[in-house]
1. Would you mind telling me which numbered condition in (1) within 21 Å of the chain's Cα centre (by Cα); (2) small (G, A, S); (3) modelled with pLDDT under 95 S242 fails?
2. Output the strands (runs of 3 or more DSSP E) that fall wholly within the range 324-382 and possess 3 or more residues being in the same structural domain as G246 (by TED's automatic domain parsing) and farther than 20 Å from T291 by Cβ, or say none.
3. Just to verify a result, which residue in the range 201-234, among those that are β-branched (V, I, T) and outside any strand (DSSP E or B), is nearest to P340 (Cα to Cα)?
4. Could you please give the count of residues in the range 277-335 that are small (G, A, S), modelled with pLDDT under 95 and crowded, with 16+ Cβ neighbours inside 10 Å?
5. Which number in (1) assigned to a strand (DSSP E or B); (2) acidic (D, E); (3) surrounded by 21 or more Cβ atoms within 10 Å (Cβ to Cβ) marks the one condition that D255 misses?
Amino acid sequence: MTDAVNPPSNPQPEPAPGPGGYGFPPGPPAQGGGYGFPPGPSAPGSGQGGYGYPSGGAGYGYPQPGQQPNPYQQASGGQWPPTQADLPTQDAHPALSPTPQPDWEAMADRSAAERRKKRLWMLGGGVTVLALLAGGGTFFLLGRNGDDSGGADAQPSATAEPEPGGSKSPAAYTATVEGDATLLRDSYGKTGIRLGPDLQVGPLGKRFQIVGKGTGNSYAQSAEPVVDVTKSFTLTARVYSSGAKGSRIAISQGDGESFSFELGVNEVNGKQAWIFRVQTGDKGAAATTRTVTAEGVTVFKTPTMLMATYDAEKKNIALYVEGKKAGETPVPPIWQAPGPLQLGRSKHHNIWTGPWQGALHNIKVYDTAFTPEQAAAYKEGKLGPETKPAHAWLLT
């Protein structure tokens with residue numbers, strides 16, 4: 001644990017003004033009445049005939065509409081030998097020669113040709129289906145791994161929880177408010193988080209994550225403050241950073257001249273490290289910040305469960321990485337910076353810094369400071385049901 005100076009500032013554009021409350025970025029207005037939940041083709045016909053058969057409702061060897069049936073032709077494409085009743089009879093005049101018999105060899109050749117043609121149709125159709133399936137498989141593989149969210153979806157968090165109300169079906173979960181694809185849904189509270197243009201929802205197995213490009217628009221923010229920094233709290237998030245250098249902030253609060261707290265990545269002694277930093281004085285002076293760092297752990301492109309706590313009674317902050325305490329430090333009371341919760345950036349000296357590059361999900365806010373035992377239990381998915389978050393987004 002060390003006191004650290006603020007990282008170099010990276011100027012970023014201010015969000016354009018828009019409706020929805022203090023610091024709320026622009027986005028499509030939600031439709032309908034209450035929070036997030038506004039009041040709200042026949043299948044195509046199948047082709048004629050079976051696979052590989054011609055259209056018109058008849059299989060191979062059957063007469064097409066408008067044609068006279070051939071009494072000698074069987075459904076498989078071969079020829080039935082004519083019965084005696086079907087054969088022409090001799091004329092009553094004995095001098096006339098008998099009617100010639102059919103060419104059985106030619107008929108057999110035609111039947112074999114029909115069977116070969118049918119087999120070729122079936123073989124060609126099977127190859128086409130296999131080719132389409134192979135192409136589709138490639139598409140889905142690229143769809144899951146073609147972006148830079150990387151391993152964030154390879155190891156879902158062990159801290160998965162059902163939706164409030166007891167639903168355990170992944171299909172029942174939605175990441176955004178119904179009717180507004182840019183507003184993250186709060187599963188435990190009523191605080192939506194508006195996505196900026198370059199922080200977008202992506203798939204995570206059967207659930208969701210948000211993926212940032214590391215630009216000035218790779219952020220999201222709530223309409224109002226979420227964390228009461230005068231009281232104890234715990235922040236948790238599963239993160240995946242694909243930014244090779246610089247400051248990358250996953251969660252912060254404040255949009256005035258400085259932040260109240262920030263959780264993410266910073267360079268410490270020339271290497272990237274996870275950090276939890278709080279501001280204890282007005283105007284963001286370096287001397288008034290307190291920082292806990294987790295050095296010596298892999299940060300770049302490594303799915304990681306981060307947890308940060310503030311104990312208002314003991315007046316200390318702590319940082320946990322994968323359920324293990326990385327460090328703690330005493331702090332004066334945290335400064336109440338004006339402004340809402342931020343995802344993907346932080347405010348330093350009135351400038352936005354630390355644009356997030358990578359993925360975030362399973363973001364939660366608790367109104368208590370976790371103990372080391374609770375932190376370890378959370379990581380193992382064994383935290384008691386009596387400990388519930390006050391807010392949660394992008395659950396897995």
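The values are calculated or read from the model by the stated rules, or taken from the named source; none is laboratory data. This structure is a prediction, so every number in the text was calculated from the model and none was measured. As a convention, Cβ positions derive from the backbone with ideal geometry for all residues, glycine included, and neighbour counts pool all protein chains shown.
1. (3)
2. Hits in the range 324-382: 357-366.
3. Within the range 201-234, the subset β-branched (V, I, T) is 201, 210-211, 215, 226-227, 229-230, 234.
Subsequent filtering for residues that are outside any strand (DSSP E or B) retains 215, 226-227, 229-230.
Numbers: T215: 20, V226: 7, V227: 9, V229: 12, T230: 15 Å.
So, considering only residues that are β-branched (V, I, T) and outside any strand (DSSP E or B), the one nearest to P340 (Cα to Cα) is V226.
4. So in the range 277-335, the residues small (G, A, S) come out as 281, 284-287, 294, 296, 308, 312, 318, 323, 326-327.
Now narrow it down to the ones that are modelled with pLDDT under 95: 281, 284-287, 296.
Add one more test, that the residue is crowded, with 16+ Cβ neighbours inside 10 Å, and what stays is 284.
Residues in the range 277-335 being small (G, A, S), modelled with pLDDT under 95 and crowded, with 16+ Cβ neighbours inside 10 Å: 1 in total.
5. D255 satisfies every listed condition except (1).
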